[in-house]
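Peer 1: I have a structure here, written as structure tokens, and I will follow up with some questions on it.
The values are calculated or read from the model by the stated rules, or taken from the named source; none is laboratory data. As the structure is a prediction and not an experimental result, all values here were calculated from the model. Here the Cβ positions follow ideal geometry from the backbone for every residue, glycine too, while neighbour counts run over all protein chains shown.
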Amino acid sequence: MTPHPEFEDSDEQFNIAVRLYGRGDHESIAEAVNYWRRAAAAGHHDAQYNLGKVLFERGDPRSVAEAELWWRAAADAGDPGAAYNLGILLHQRGHIEAVAEAEKYWRAAAHAGDAGAQYNLGVLLDARGDAESLAEAEWWWRRSCDGGHSGAQYSLGALINERGAAGAETLWREAADAGNVDAQLNVGVLLYQHGGDESLLEAELWWRRASDAGCADAQYNLGAVLLERGDAASSVEAELWWRRAGQAGHVDAQYDLGGLLYRRAAVDSEAEAEQWWRKAADGGHLEAQYNLAGLLYSTGTPQALREAETRWRQAADAGHISAQYNLGVMLSQRGDPAAIAEAESLWVLAAATGHSGARRNNAALRILKEGACAVTRPPLPSNDERG
């Protein structure tokens, strides 16, 4: 145990704590906290900042509350790092008063040159959406970019890209080189849009970096690029990336993986395709709702038919033309007036957007009402069909 001589001043206490903390063992860290407490109580701002950080990382309510006290003391004395951290702590509370106070501290840190606070302040202003706030958000992001903040580089690049102005790729490349996953994804998208073998190869490299970091959008895109090659090895790898993205909740990956499995025409693959389409359908993917319904309809069991109707309703209500047509077919087959009337209304919607089968069935309704069904059955799911 290191002695605590009475003549130590706060700078000495702070430096001793830094050396102890660097050892990394539990006993040394506990002793470092004691030194930082003594220096913090004497008004040492760096000690207040470090003590707050250690306490905050413990995560229990009592330690977090004490961290807030020390960060307040340092922030109110002008420490930008403490003001930045205090702003994060306050913003996490979510209520209006805390967010307003977070903005106050981020503004103080931003004016002192803290790039993280400049970025966060820009995010806060951007979320407001009015012209004045958006202009100020851009101003702060530009200051944060000057400090090398990758989040600001990405956000400013997105703002420029939305305007159709030049400069987004340069900013995204800077952020991507610094490890910003969103920027890596977007650089890949820009390169893919450029076309050409060299650009496509570089897009794949960026998407691989983002995919390895867990970006589901990049994993999906990488899978699509690999599948386009058409060779067996690339198709196997594409499936692996889509599985990772699907497991992370990416609905497009879930849908396309379901299509990949369904086209194998094996019993086990069809069962797994149903599972993936169900996940995507539950996530609101219209094509997955449509295809899942078709798969269920083809089984013909009462339970499957009930769910098929539910899924086609979900897609039809969202404007899926083929789902409107198929739901109409299912309803018309019941033969009761209410179901036929609903089928007619669905076919009117589908016919208005060009569905030829809906037009034919509307023309045949007079025959249908007389008891002779002239309605075609719903098609089986097709991963290529778009309603």
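Peer 1: In region 5-38, which residues are of a type in the set (Phe, Trp, Tyr) and either surrounded by 12 or more Cβ atoms within 10 Å (Cβ to Cβ) or touching a His at 6+ places or on another chain (Cβ under 7 Å) (or both)? Spell out the reasoning first.
Peer 2: Pass one, region 5-38, residues of a type in the set (Phe, Trp, Tyr): 7, 14, 21, 35-36.
Residues satisfying the conditions are 14, 21, 35, 36.
Peer 1: Still on this structure: Would region 188-207 turn up any residue that is under 20 Å from residue 118 (Cα atoms) and surrounded by fewer than 18 Cβ atoms within 10 Å (Cβ to Cβ)? I'd like the intermediate steps shown before the answer.
Peer 2: Our first condition is that a residue be under 20 Å from residue 118 (Cα atoms); within region 188-207, this holds for none.
Scanning region 188-207 turns up no residue that is under 20 Å from residue 118 (Cα atoms) and surrounded by fewer than 18 Cβ atoms within 10 Å (Cβ to Cβ).
Peer 1: Give, as residue ranges, the helices (runs of 4 or more DSSP H) completely inside region 214-296 that count at least 3 residues that are within 20 Å of residue 189 (Cβ to Cβ) and modelled with pLDDT of 95 or more. Before you say what the answer is, go through the steps one by one.
Peer 2: Working: elements: 216-229, 232-247, 251-262, 267-282.
Counting at least 3 such residues, we get 216-229, 232-247, 251-262.
Peer 1: Further question on the same structure: Being assigned to a helix (DSSP H, G or I) and closer than 25 Å to residue 21 by Cα is the requirement here; does residue 69 meet it? First the steps, then the outcome.
Peer 2: Details: assigned to a helix (DSSP H, G or I): yes; closer than 25 Å to residue 21 by Cα: yes.
The answer is yes for residue 69.
Peer 1: Which is crowded, with 24+ Cβ neighbours inside 10 Å, touching a residue at least 12 places away in the same chain (Cβ under 8 Å), polar (S, T, N, Q) and over 24 Å from residue 192 (Cβ atoms), of 219, 289? Lay out the reasoning, then the answer.
Peer 2: Numbers: 219 fails: over 24 Å from residue 192 (Cβ atoms).
Within the list 219, 289, the selection yields 289.
Peer 1: With respect to residue 142, is the statement that it is modelled with pLDDT under 95 and basic (Lys, Arg) true?
Peer 2: Working: modelled with pLDDT under 95: no; basic (Lys, Arg): yes.
No, not satisfied.
Peer 1: Now for a different question. So which residues in region 89-133 are more than 27 Å from residue 70 (Cα to Cα) and surrounded by fewer than 16 Cβ atoms within 10 Å (Cβ to Cβ), if there are any at all?
Peer 2: 127, 128, 129, 130, 131, 132, 133
Peer 1: Within region 92-110, work out how many residues are free of Cβ contacts under 8 Å to residues at least 24 places away in the same chain and either part of a helix (DSSP H, G or I) or of a type in the set (S, T, N, Q) (or both). Can you show your working first?
Peer 2: First, pick out the residues of region 92-110 that are free of Cβ contacts under 8 Å to residues at least 24 places away in the same chain: 92-98, 100-104, 106-107.
Then keep just the ones that are either part of a helix (DSSP H, G or I) or of a type in the set (S, T, N, Q) (or both); that gives 92, 96-98, 100-104, 106-107.
Number satisfying all stated conditions: 11.
Peer 1: For region 39-69, name all the residues that are more than 38 Å from the chain's Cα centre (by Cα) and either surrounded by 18 or more Cβ atoms within 10 Å (Cβ to Cβ) or closer than 16 Å to residue 84 by Cα (or both). Give the derivation first.
Peer 2: Our first condition is that a residue be more than 38 Å from the chain's Cα centre (by Cα); within region 39-69, this holds for 39-44.
39, 40, 44, listed by residue number.
Peer 1: OK, next. Criterion first (buried (at least 23 other Cβ atoms within 10 Å of the Cβ), in contact with a Phe, Trp or Tyr (Cβ under 8 Å, 6 or more places away or on another chain) and part of a helix (DSSP H, G or I)) does residue 172 satisfy it? Before you say what the answer is, go through the steps one by one.
Peer 2: Values: buried (at least 23 other Cβ atoms within 10 Å of the Cβ): yes; in contact with a Phe, Trp or Tyr (Cβ under 8 Å, 6 or more places away or on another chain): yes; part of a helix (DSSP H, G or I): yes.
Yes.
Peer 1: Of all residues in region 74-88, how many are surrounded by fewer than 20 Cβ atoms within 10 Å (Cβ to Cβ) and either in a helix (DSSP H, G or I) or among the hydroxyl-bearing types (Ser, Thr, Tyr) (or both)? Before you say what the answer is, go through the steps one by one.
Peer 2: In the first step, residues of region 74-88 are kept if they are surrounded by fewer than 20 Cβ atoms within 10 Å (Cβ to Cβ); the result is 76-78, 88.
Then drop every residue that is not either in a helix (DSSP H, G or I) or among the hydroxyl-bearing types (Ser, Thr, Tyr) (or both), which leaves 76, 88.
Qualifying residue count for the region: 2.
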